[in-house]
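For reference, the structure is listed below as structure tokens.
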Amino acid sequence: MIRYAIIGAGAVSDYHHVPGIRLDPRAELVAACDPNEELLEKRRTDWNIDKLTPRYQDIADDPDVDAVVIATPNFSHKEIALACIAGGKHVMCEKPLGLCAAEAWDMHRAAEERGVRHMTAFTYRFAPSMRYLRHLVHSGALGVPRHFRSQRFLDWPETSWGWRQYKAQAGAGDLFDMTIHRIDFAIDLMGPIASICGAVAQFVPRDRTADGSPCPPSEVDDWSALIGRFANGAVGVWEGSTLMKGHHNNGFGWEWAEINGSEGTAVYRLTEPNTILLGKPGESLETVPVPDEFLVIPGSPRDPKEGVPSTVFRYDLVYELTSAIAENRPATPGFDDGARAQDIADAVLESNATGRWVEIGG
């Protein structure tokens, strides 16, 4: 039995990670940590656990915890991860791993040196349509990949994001929160990115909370975009924003990721994760169901016919980490994947500041 602790007891853990732990008979939730002790007491009942602490070091030092899920503000990820790694814990961490790529690579290096499994919570890799799209690309069914394009649009209120809107705590806005996911799965589909030209912008001050109280204005972007050249010669275009009116879709927003190859085009959509759009030369895009073998990762106990399709695939993250621990193999996506995506996100900020293309180093 793999004994998990949750560090950061907010909505992401409640919606995604705890259900994933509950589904896997090899996993057990034994502890939770959050500085908000009122929230912790609520989780005592919600999650039916008794071991609660506001101090992450208690979790890092606990011999009865095997693995942790870190879902705290971005600025705290490195500090908490390094403490847990030093304590011999396997670690899954929400993205971005750190406030910059250097922090992410430090986390990767520490986990490798300690010999623990490590994983970045890039949830969309586990969407059935994304898994099938990857198969089509890597099997050669689309021919030579030429173009990648991604749109991630959300229609969020224009009030405060809390800690997420301050650079010292978040690093960046939409770029680090949303677009970094799309950078990751583009690399997974198309291979390394060699150079990029990027931009960010802020249109909303977010100087009021939801109840109308004043707060310090936002310091981060609410729109981000980049053009990239992949090492294999393909090109890519990404755009993300939280300000796209009419793209609410029950909170899921709009997401479209497309690969154009020499022999066809395939499209992933978050709101339709159990189908893709597929088109061959001279034809139009048509809806194609994702084959059963791609609806869940191999071995997952999750029933793909149950729950909201755009939510339930996220439960497979914990299954992957638990499997990696049990099988003594690397988890995918690892901290190295998180760091590579952050290399690109950092380069977007550099490109925005300098107005130049940025070459991506090894």
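Checked against the criterion of being under 18 Å from the mean Cα position of the chain (by Cα), more than 23 Å from His90 (Cα to Cα), of a type in the set (Gly, Ala, Ser) and crowded, with 22+ Cβ neighbours inside 10 Å, the range 335-346 contains one or more residues that satisfy it. Scan the range 247-284 for residues that are under 16 Å from Arg131 (Cβ atoms) and outside any strand (DSSP E or B) and the total you get is 4. With respect to the numbered conditions (1) assigned to a strand (DSSP E or B); (2) surrounded by 12 or more Cβ atoms within 10 Å (Cβ to Cβ), which one is the sole condition not fulfilled by Thr287? Status for Thr287: all satisfied but (2).
Conditions tested, residue by residue: (1) buried (at least 18 other Cβ atoms within 10 Å of the Cβ); (2) out of contact with any His (no Cβ under 9 Å at 6 or more places or on another chain); (3) at pLDDT 95 or above.
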| site | (1), (2), (3) |
| --- | --- |
| Asp222 | yes, yes, yes |
| Thr242 | yes, yes, yes |
| Asn249 | no, yes, no |
| Ala257 | yes, yes, yes |
| Gly261 | yes, no, yes |
| Ala266 | yes, yes, yes |
| Arg269 | yes, yes, yes |
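Which members of the range 208-220 meet the condition of being farther than 12 Å from Tyr166 by Cβ and either in contact (Cβ under 8 Å) with a residue 40 or more places away in the chain or surrounded by 21 or more Cβ atoms within 10 Å (Cβ to Cβ) (or both)? Those that are farther than 12 Å from Tyr166 by Cβ and either in contact (Cβ under 8 Å) with a residue 40 or more places away in the chain or surrounded by 21 or more Cβ atoms within 10 Å (Cβ to Cβ) (or both): Arg208, Thr209, Ala210. Residues in the range 285-297 that are farther than 13 Å from Asn260 by Cα and out of contact with any Pro (no Cβ under 6 Å at 6 or more places or on another chain): Glu286, Thr287, Val288, Pro289, Pro291, Asp292, Glu293, Ile297. Has the range 43-59 got at least one residue that is buried (at least 20 other Cβ atoms within 10 Å of the Cβ) and among the aliphatic types (A, V, I, L, M)? Yes, the range 43-59 contains a residue that is buried (at least 20 other Cβ atoms within 10 Å of the Cβ) and among the aliphatic types (A, V, I, L, M).
Of the residues that make up the range 152-162, is at least one part of a helix (DSSP H, G or I) and either at pLDDT below 95 or surrounded by fewer than 22 Cβ atoms within 10 Å (Cβ to Cβ) (or both)? There is at least one residue in the range 152-162 that is part of a helix (DSSP H, G or I) and either at pLDDT below 95 or surrounded by fewer than 22 Cβ atoms within 10 Å (Cβ to Cβ) (or both). If the requirement is being farther than 24 Å from Gly246 by Cβ, touching a Ser or Thr at 6+ places or on another chain (Cβ under 7 Å) and surrounded by 15 or more Cβ atoms within 10 Å (Cβ to Cβ), which of these qualifies: Ile187, Ile196, Ile180? Just a single option satisfies the conditions, and that option is Ile196. Residues being over 28 Å from Ser323 (Cα atoms), among the aromatic types (Phe, Trp, Tyr) and part of a loop (DSSP other than H, G, I, E, B) are entirely absent from the range 220-238. Of the residues making up the range 16-68, those that are aliphatic (A, V, I, L, M) and not in a helix (DSSP H, G or I) number 10.
The values are calculated or read from the model by the stated rules, or taken from the named source; none is laboratory data. The model shown is predicted, which means the values in this text are computed figures rather than measured ones. Cβ atoms come from the backbone with ideal geometry, glycine included; neighbour counts cover every protein chain shown.
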